[in-house]
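Quick notes on the structure that follows.
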Amino acid sequence: MLLNVRRYAVVTVNGKLPTVTTLTCGEVEIRPATTGFLWEGGASFVIEACVPYGGTLPTDGDMIVIPGDVYKPLQSAIELFVNMLAVQMRSKRSIASPSLYASVEPVDEAARVWLRAFKHIKREIPQTPLRIWPRVEPRRHLPLLLDRLDGLALLAEALCHEHPTGRLHELMRVFERAFAAGPTRVCTHLLPVFLSPAGYGFTPDEVQVWLNLRDRSVHADRRPDFALESETHPVVNRVEQAAYDVLFNKSTWRDEATSRREVFHPWFAANDPNGASSVLHKGGDINIDFRPFDGFGAYPFFLKNCGLEIPEGWVGPEGGAELGPAQLAGGNFLVREDPQAMTATESESITEPVPTPFQPPQ
């Protein structure tokens, strides 16, 4: 019995639509799946990565489960293909998932008979932590940052990055600057201790994942692999949230001390690394990015109709991109009182900071 497992991705580049041909990467074949289209975001088209699979896939009731050792090589091939295209066109590129992000095709009669028993590819609905909605009040917070303008500059630079791997790399520089130590010491001994009292579920294991991705995204020397976009996407929002906490709430800047000052609390933040719950403080006027990720937790959904369909007899994913806020945030919002509220006396005591010439980081 033989199946074809397909992984689909929407690729967007600058300028005109490129000419895309079929490529082979080991057992994986990559080719265009739909006609491309132009829109305000660039030139987009759908590609598919296909690999043959002998035998039956794991199942759960009437759903097929595609394991990581099957879909991850397909994602690696997609990113290889897209990177080659970006170099060819000297262009930015982005990868997203259509709502139909995977399919299973029967190749022979035995596969067709087996597939009839199943309705969908199981969507695990892995949650990706939502981005922090910071509560930064210049009159209140700028005087507290005058001893760490280098950290402010590094965080601002990190926020300029649209690509998750680049953003993660720049955010790690905020931690290194704050603790005046290298990434291994920061992530192993200092940052977990500092973040633990923050109350947002940060753990040493989570911070070690950041370090691993940082090393694999920065160094490409003798390591057997390097970090891919599909790996950095799910974690970069939590790294960004931690960087805000470090910049504002670290008591002593450029020092290994892990003591805190509680001067900053976000309006909205993720409460665990899996995005299963989020904290929402009362009184905030916030704009939460509810962009969902695909069933493998790798790429955000492309929220436009791509015209992608599969033939009768194939099996595709359950559901799609039409998910509500409760599903996207794990269905669990923890509402808390505003810890940053000021009394009238406190508000009146704030004075405008005296302008200070900016000194570039040394």
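Every read-out reported here was derived from the displayed coordinates using simple, explicitly stated rules and does not represent laboratory data. Nothing here was measured: the structure is a model prediction, and the numbers come from that model. Glycine also receives a Cβ, built like all others from the backbone with ideal geometry; neighbour counts cover every protein chain displayed.
Sorting 201-209, 19-27, 44-52, 237-245 by their mean Cβ neighbour count within 10 Å, with the most densely packed peptide first, gives 237-245, 44-52, 201-209, 19-27. Peptides 90-101, 64-75 ranked from most to least packed give 90-101, 64-75, packing being the mean of other C-beta atoms within 10 angstrom over each peptide's residues. Count Lys and Arg as plus one, Asp and Glu as minus one, and take only other residues whose Cβ is under 11 Å from that of D62; the net charge is then +1. Stretching I310 away from L80 to a fully extended chain increases their span by 80.4 nm, per 0.36 nm per residue minus the current alpha-carbon distance. Projecting label points 7 angstrom from Cα along Cα→Cβ for Q208 and F37 puts them 4.6 nm apart. Computed extension gain for R139 through V193, at 0.36 nm per residue and net of the alpha carbon distance, reaches 16.5 nm. A cut-off under 14 angstrom between Cβ atoms defines the neighbours of P52, and their net charge, with Lys, Arg +1 and Asp, Glu -1, is -3. In the range 2-121, taking the dipole from charged Cβ atoms about the Cα centre, the farthest positive-side position among T24, W114, I95 is held by I95. Going by neighbour counts of Cβ atoms within 10 Å, the residues W39, W267 line up, fewest first, as W39, W267. For K250, the residues whose modelled amide H falls within less than 5 Å of its own, excluding neighbours fewer than 5 places apart on the same chain, are R261. Peptides 249-259, 268-278, 292-302 ordered by packing proxy, namely the average of other Cβ atoms within 10 Å per residue, highest first: 292-302, 268-278, 249-259. Taken about its Cα centre, the range 2-121 carries a charge dipole of about 460 debye when Lys and Arg each add +1 at the Cβ and Asp and Glu each add -1 at the Cβ. Rg/Rh for the range 2-121 (Cα atoms only, Rh after Kirkwood) is 1.02. Close amide-amide hydrogen proximity is noted between A180 and R254, D255, each under 5 Å apart and 5 or more residues distant or on a separate chain (H modeled in the peptide plane; Pro and chain starts excluded).
By the count of other C-beta atoms within 10 Å, a proxy for reagent exposure, R135, R173 are ordered fewest to most as R173, R135.
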